[in-house]
Amino acid sequence: MKYNLSSTSVFPLVDIALKEGEEVQIEPGSMVYHNGLVTLEGHMNSNGKKGIGGMMKALGRSLSSGESFFITKVRGDAENAHVTIAPSTPGTIRELPIGPTQWRLNTGAFLASESSVSYTMQRQKLEGALLGGTGGLFVMETAGEGMMLINGYGDLVEITMDGSQQFVIDNEHVLAWSKSLDYHIEFASGTFGFKTGEGLVNRFSGQGKIIIQSRNIEAFAGLIAPFIPSSSN
């Protein structure tokens, strides 16, 4: 998958070049434009399962994790085919190599991938499932080999863990982490984090990498909410 970013600003477009017959997967609703040489098809997000079983699997993933019921596949119909996409939130787009390292992703991190890459929804540990904002009951887990594009709100920072210490990261800033890492979701301090106002955190241990986003989109939504007129007014 060959791609170019339109800029290094917080509002970039991603132009993906496709050969004839080449396919990529993109987040539904992310297409901005194409040059007329591609075919877009919506498929149930069921990891290849078809029929009633595939529909129920896609529906279950959507209801349990907030993940889209559909995923969009784009196929090049001729040489020099192009499709341009954009994420739904302002911030940074980053390439994530899949294969030697498999990743767990926060819901909403996925933007696009080669057709050789997929992801499944994996149930979190009980405490994480009850408390977590990273996908709720489930988190995304990559599979296959190839390239994936992810996006986050604000800047993206990579933390490398060598196993000698733990890292504690605010739950809303965690975007992706190596499958090799162990993690637990807990309160930052006190009862429900009321003492510090930090809420939930992820405690990581082991060897691997963590990608965090520099801004908290829920905090931003809370900041602007008082200024949004009510629909009843």
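A few notes on this one:
- Remark: spin-label model distance ALA17-GLN122 equals 3.5 nm, labels positioned 7 Å along the Cα→Cβ axis.
- Simple spin-label estimate for SER9 and GLU186 in nanometres, 7 Å along Cα-Cβ: 4.3 nm
- Cα-projected label distance for MET31 with SER115, points at 7 Å along beta-carbon direction, nm: 1.5 nm
Bear in mind these aren't lab numbers, they're just calculated from the coordinates by the rules spelled out. It should be emphasised that the depicted structure is a prediction, and the values quoted were computed from it without experimental measurement. Neighbour counts are summed over all protein chains in view; Cβ atoms, including those assigned to glycine, are modelled from backbone coordinates with ideal geometry.
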